[in-house]
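> Sending over a structure as structure tokens; questions will come in a sec.
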Amino acid sequence: MEKLGLVVEGGGVRAIYAAGILDVLHDLHLPLDGVIGVSAGAIHACSFVAGQQGRSIRYYRKYAHDERFFSFKTWLKTGNIVDTKFCYHDIHRTLDPFDNDAFMASRAKFYVTCSNLETGKAEHLHVTDMFSDQIDLLRASASLPYFSRIVEYGGMKLLDGGCTDPIPVKAFESMGYTKNILVLTQPREHRKKDRDSMFVRWLYRQYPKFCEAFENCPPTYEETLNYIDEQERQGNLFVIRPQSRINISRLTRDPKKIEYGYELGRQAALQRLEDLKAWLKTF
């Protein structure tokens, strides 16, 4: 039996584009069996699984200018560019509470992608309770290298999943999700740049396998895009992505750009709705 999945790419603040798409998809009540997100894509995707339409843009509007949400000042003080208590406890539980009951009741299993520093491989980890210590897996998935402390969980040392598997569509297929809706935050012509490999070799020199995977990310990304093209032609994937580069930096705090990115995502999803409905009828 085929299983329907949803894969959400990250991209820092630029991933607010994905949040716009997810808020449109919310109204379709898709029969999803699983959802997997990477980095900021995982943060937006968990609210989608919980059925909390509009939650991501709501707290971005409220807190993007709060230095605790993310700032270099916070990084210099704590070693993390986000205040982990503020983002993963205060917002999560009290300021804009996450609906953990709805999340746990969802038919869709939720996974996050993290990078294992010791093995240099991606970990695709099932999260069942966002009010448990598993919140650290979400945090790990979004912990940018250089700007975040290593997250230790279950004997693993973890950082941002985008370092090893930025679009985990192959991994999700291997887990049984044979038909997938893919939400990307970069246009098809995007190419990963060299990722400061000399710097990563210095800062993470204890983890040579991670350094190697980090250096190999650009060709791995291109190989994945080629695979996506082929699977889309075969009808196994339905892809929603920007048609051109979104002019939003990974760490912008400009409210106009955040709103712009969110609305771009909404419009992209609305334009593809009928095509998506037709695709869903094919299986």
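> Considering only DSSP beta bridges with both partners in the chain, what is the antiparallel share in %, to the nearest 5?
If I count the DSSP bridges inside the chain, around 40 percent turn out antiparallel.
> Right, here's the next one. Which pairs in the list K77/K109; K157/K257; K209/K257; K121/K281; K62/K277; K109/K281 are over 25 Å apart, alpha-carbon to alpha-carbon?
K77/K109; K157/K257; K209/K257; K121/K281; K62/K277
> Right, something else. Of the listed values (1) 19.6; (2) 18.8; (3) 21.5, identify the label whose number matches Kirkwood radius over Cα pairs in Å calculated from this model.
(2)
> To continue, here is another question. From the convex hull of the Cα coordinates of segment 1-55, what is the mean projected area in square nanometres?
If I average the Cα hull's projected area over directions, I get 3.5 nm².
> Where the accessible area of segment 1-132 is counted over protein heavy atoms with a 1.4 Å probe, how much of it, in %, is carbon and sulfur?
Carbon with sulfur: 52 percent of the solvent-accessible area.
> Ignoring ligands, DNA and RNA, what accessible area per residue does the chain give at 1.4 Å, in Å²?
About 45 Å² of surface per residue is accessible.
> Which of rounded, prolate or oblate describes segment 38-132 when judged by the alpha-carbon gyration tensor and an a/c cut-off of 1.5?
Oblate, since a/c reaches 1.5 and b/c is not below a/b.
> Run lengths n ≥ 4 of DSSP H only: what is the helix-derived mean residue ellipticity at 222 nm for the chain, with -39500 (n - 2.57) per run over all residues, to the nearest 500?
Using -39500 (n - 2.57) per qualifying helix, the result is -12000 deg cm²/dmol.
> Which trypsin sites (Lys or Arg not before Pro) from segment 122-180 combine a DSSP loop assignment with at most 16 other Cβ atoms within 10 Å?
Hits after loop and neighbour filter: R149.
> Sort segment 176-283 into rounded, prolate or oblate with this rule: let a ≥ b ≥ c be the square roots of the eigenvalues of the Cα gyration tensor; rounded if a/c is under 1.5, and if a/c is not under 1.5, prolate when a/b is larger than b/c, oblate otherwise.
Here segment 176-283 falls in the oblate category.
> On the protein heavy atoms, probe 1.4 angstrom, tell me the percent of accessible surface of segment 144-264 carried by carbon and sulfur.
50
The values are calculated or read from the model by the stated rules, or taken from the named source; none is laboratory data. Everything quoted here is computed from the prediction, not taken from an experiment. Neighbour counts are summed over all protein chains in view; Cβ atoms, including those assigned to glycine, are modelled from backbone coordinates with ideal geometry. Remember, those area values only see protein heavy atoms, side chains included, never the ligands or the DNA or RNA. Shrake-Rupley method; radii C 1.70, N 1.55, O 1.52, S 1.80 Å.
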